[in-house]
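Here is the structure we will look at, set down as structure tokens.
Bear in mind these aren't lab numbers, they're just calculated from the coordinates by the rules spelled out. As the structure is a prediction and not an experimental result, all values here were calculated from the model. Because the Cβ atoms are built from the backbone with ideal geometry, glycine has one as well, and the counts that use them run over all protein chains shown.
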Amino acid sequence: MTLIDSEFGASLKRVERWRPWVAGLLMLAGIAGTLFLYRGLQSAEVDSLARYVDNLADYIEVDMLADLGEQMNAHRRMAARLAHNGIEDAGGWQLNAELFLDHYGYYRTLAVLDPALEVLWIRHRGEGHVAPGEIFPVGEEYRPALARARATGEITATRPRFLPDGRPGISLIIPIGTNERHAGYVATTMDIPDAIDAMIPALFRESLDLHAVARGRDVYPYPPQAAPSQWDAGFTVDLDDDETGFLFEFAVSDDIREQLSSAMPEVVLVSGILLSLLLAAVVYLGLNAGDQARVMARANRRLEQEIGEREAAERELSFLVNHDSLTGLPNRSGISEFLADMIENHGDRQAQLAVLFLDLDQFKDINDSLGHQLGDQLLCEVPRRLAGILRDRDFVGRHGGDEFLIAVERADREQVEQLAGNILHALDAGFAVEDHRLFISGSIGIAYYPESGRSVNELIQNADTALFKAKNAGRNQFAVFTREMFAQAQHRLNLSRDIRHALEDGNFRVVYQPIVDVRDLSMSGVEALLRWDHRDGYPVPPQEFIRVAEETGIIGRLGEFALDRALSDLAQWKSLSEDLPGLAVNVSGAQIHEAGFAEQLSILLHQHRIEPEQLHLEITEEVLIENLASNRRMLHKLDEIGIRIVVDDFGVGYSSLSYLKNFPISVVKIDRGFVRDIVSDPEDQAITRTICSLAADLGMQTVAEGVETDEQLALLASYRCSFAQGFLFARPVEADEIAQMIGGQQPWRATSRD
């Protein structure tokens, strides 16, 4: 015992020597950790401020670019109208000019110039300094740019200058007609400070200090004000792609900077230091009071803690295996276990057991436009919204992505389907997520046990099949699974498989239908159409295999095949004649949404040695509205390449004049439904006449589909329709027959309009 006591005492003495050092090290470590956390919080505040400014700058840039794009399009439309109707169209031109100046209140001057820049007609808002007959003030350094514009049709922006009242302004000049059709210019003068005030919402101007510089000259604010010590964000807007545009710089106002700051870093610093001192004192006292029994007790507690942590980790792991980490709902594995138990316990009870497959309709748009973080928060809000409708014993699980499975027992099917309607109605109300108000809808597929399946997999699969039908029926509704749906799903599956085999075996082919100039019946273009002869010997209707291809995601491959084959045939026709017709090819929404679609198309055009203006891409109105911002960027990119954009089946979908205004559309195709009864139906006549007149006023061309009689052709000609297409001229034919038509064999040329 003496030896043990001696060794234990020696051990205690060694511990006593290290106690101050241990306590001191803990204190230093705590202070160091506190300083690290303090700096991290300061950095987080700085980052938060930077994100806030960047977000505001991004919103301002997007809004400003959209507004400027509309103004540039308005300039182009005015120039196109003058080029089409002539400068002599004084009444119509003056009305457009007055409307333009009324709409854009920050434009001081709008003028029509002859090719030598002499003012033919002018309107001033405020004090004017140029009169008809005088030369519009444009520096000599812009003469080369104006000369290029006569060939390209591009807009020329001048350097900022001071207007008669001393405010900074800038002039925009666009040619009226190009090359040999050049008839002068449309010139406008913009008050820069007023324009910036109009395009940037007052809310943003109050939150930020804004400064704008154009070609080295301060143009905003006016009059000039003292600049802040530093700028937090900025961007450049270039009106005419000369790489010397407007530089916008932003700094957070002092009020906003103060709102985004807090005393938390200082509180953490002081609290951390105090806690570190307290911890060091506690450790030192604890070491002083320690003995062997204390050490053993501490060891026992540590062991118990580790056991508890391990048990908690095992419970958490078990939970994660069967639950979704984001929403906390059961995942696919948990859903399968619960449904299996639910089916087993249901037995032969009279209550109706149903599985509801819920899918959010606009969730992808929210993810793409606002980011996955907001999308994840929205997914967490959906179960909370459902909790207000479902009963306590009802089951909700997340199947994956934006899909949820709901299992319920109700007295009859009427109650189940009423619940489905209530769920859809509940989703219509907006979701408040951070600073956003998000709106979504849902589609639901319903499968009943045991009619729609006796196993978990059958119920889920058949509920998914019913969901597919609900989405195809227009979304924001529900559908109940039937055996007919199963047969249709099998048909789609088989047809999807056969489409892939047909692509690999080369069973698809492209035929062409001529597009005829209404004025002289000459062939001005052809439309490429896909045809498929099934390996079992029967032709598959295009509307059937194209619909299945879109539903199953194969439409992109079909579109690539059609484009490549059509451009290859066009290249062969080019060897026969330099006077080639335009080639119209239908493009699906899946292709438009591909990030590299424009670049791939440029490569195809280069490979086949085809000029971009020979290719016309036909896009339906439904594709345009799927993702307006993304589609607008893609179509403008295609327009910059030189490819012409055609709106197919105009008037039968979600027709809106905003499409013609906001998208670079060159041709409008009038749906055959308006042409079929145009001779006898006054409403079809009025609609067709209006479309033709509107397109002509906007500088666009029109193509009438489904023309089959001379009477239809005569009416279309009287409406100033540009082109026609239909069985009156030719049915879809193979590429070699189109080659003969290019050589001059056009049988419809004998068609009479009398």
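Would you mind calculating the gained length between ARG720 and LEU95 on full extension (0.36 nm times residue separation, minus the Cα-Cα distance), in nm to one decimal?
Using 0.36 nm per residue and subtracting the Cα-Cα distance, I get 222.7 nm.
Quick check: pseudo-label points 7 Å beyond the Cα along Cα→Cβ at GLN607 and LEU326, how many nm apart are they?
Placing both labels 7 Å along Cα→Cβ, they lie 3.7 nm apart.
Give me the extension gain from GLN350 to GLN230: residue separation times 0.36 nm, minus the current Cα-Cα distance, reported in nm with one decimal.
Length gained, GLN350 through GLN230: 35.9 nm.
SER333 label point, 7 Å along Cα→Cβ, cut-off 17 Å on backbone N: hits in region 370-412?
397-401
Give the lysines reachable from LYS471 as a straight Cα distance under 17 Å; neighbours fewer than 8 places away on the same chain don't count.
In chain and number order, the partners are LYS364.
Going by average Cβ density within 10 Å per residue, which order do the peptides 415-425, 180-190 take, highest to lowest?
Ranked from most to least packed, the peptides come out as 180-190, 415-425.
Two decimals is fine: what's Rg over Rh for the chain, C-alpha atoms, Kirkwood radius as Rh?
Result: Rg/Rh = 1.09.
For region 150-188, list residues with backbone N below 20 Å from a point placed 7 Å from the Cα of ALA198 toward its Cβ?
Residues 155-174, 186-188 fall inside that zone.
Excluding residues on the same chain fewer than 8 positions from LYS574, give the lysines whose Cα lies under 27 Å from its Cα.
Candidates past the 8-residue exclusion: LYS637, LYS669.
Compute the distance from the alpha-carbon center of region 31-106 to that of region 678-749, in whole Å.
Region 31-106 and region 678-749 have Cα centres spaced 40 Å from each other.
Listed highest first by mean packing, meaning other Cβ atoms within 10 Å per residue, what order do 593-599, 119-125 come in?
Sorting 593-599, 119-125 by mean packing, highest first, produces 119-125, 593-599.
Starting from the Cα gyration tensor of region 440-540, take the square roots of the eigenvalues, sort them a ≥ b ≥ c, and report rounded, prolate or oblate (rounded when a/c is under 1.5, otherwise prolate if a/b is larger than b/c, else oblate).
Oblate.
By average Cβ neighbour count within 10 Å, what is the ranking of 687-696, 45-54, 668-677 from highest down?
Top to bottom by mean Cβ count within 10 Å: 668-677, 687-696, 45-54.
Count neighbours as other Cβ atoms within 10 Å of each site's Cβ, and list the trypsin sites (Lys or Arg not before Pro) in region 421-484 that are DSSP loop with at most 15 such neighbours.
Answer by residue number: ARG454, ARG475.
What would the Debye equation give as log₁₀ I(q)/I(0) for region 142-181 at q = 0.15, 0.24, 0.29, 0.32 Å⁻¹, counting only Cα atoms as equal point scatterers?
The Debye formula, applied to the Cα set alone, gives -0.42, -0.73, -0.90, -1.01.
Using only the Cα atoms of region 332-481, what are the Rg and Dmax in Å?
Cα only, region 332-481: 15.2, 50 Å (Rg, Dmax).
Find the relative contact order for region 332-481 and round it to a whole percent, using C-alpha pairs within less than 8 Å whose residues are 6+ positions apart.
That works out to 30 percent.
When only alpha-carbon atoms count, how far does region 475-610 stretch along each of its three principal axes, as whole angstroms with the largest first?
If we take the Cα atoms of region 475-610, the spans are 57, 35, 34 Å.
Using the Cα centre as the reference, give the magnitude of the dipole from point charges on the C-beta atoms of the chain (Lys, Arg: +1; Asp, Glu: -1; all else neutral), rounded to the nearest 20 debye.
1360 debye
State, to one decimal in nm², a quarter of the convex hull surface area for the C-alpha atoms of region 326-412, i.e. the direction-averaged projected area.
Across all orientations, region 326-412 yields a mean hull projection of 6.0 nm².
Using DSSP, restrict attention to beta bridges with both residues in the chain and report what percent are antiparallel, rounded to the nearest 5.
Just about 75 percent of them are antiparallel.
I need the Debye-formula profile for region 65-203: one equal scatterer per C-alpha, no solvent, reported as log10 I(q)/I(0) at q = 0.10, 0.17 1/Å, two decimals.
The Cα Debye sum returns log10 ratios of -0.30, -0.92.
If R0 is 45 Å, what FRET efficiency do you get for SER253 and LEU576 from their C-beta distance, rounded to 0.05?
Using R0 = 45 Å, I get an efficiency of 0.10.
Please compute the length gained on full extension between SER441 and ARG483, using 0.36 nm multiplied by the number of residues separating them and subtracting their Cα-Cα distance.
12.4 nm is the gain from fully extending SER441 to ARG483.
Let me check against my output: what whole-number percent is the relative contact order of the chain, with C-alpha pairs under 8 Å and at least 6 apart?
Reported relative contact order: 8 percent.
Tell me which chymotrypsin sites (Phe, Trp or Tyr not before Pro) from region 415-482 have a DSSP coil assignment and no more than 12 other beta carbons within 10 Å of their own.
Those satisfying the criteria are PHE439.
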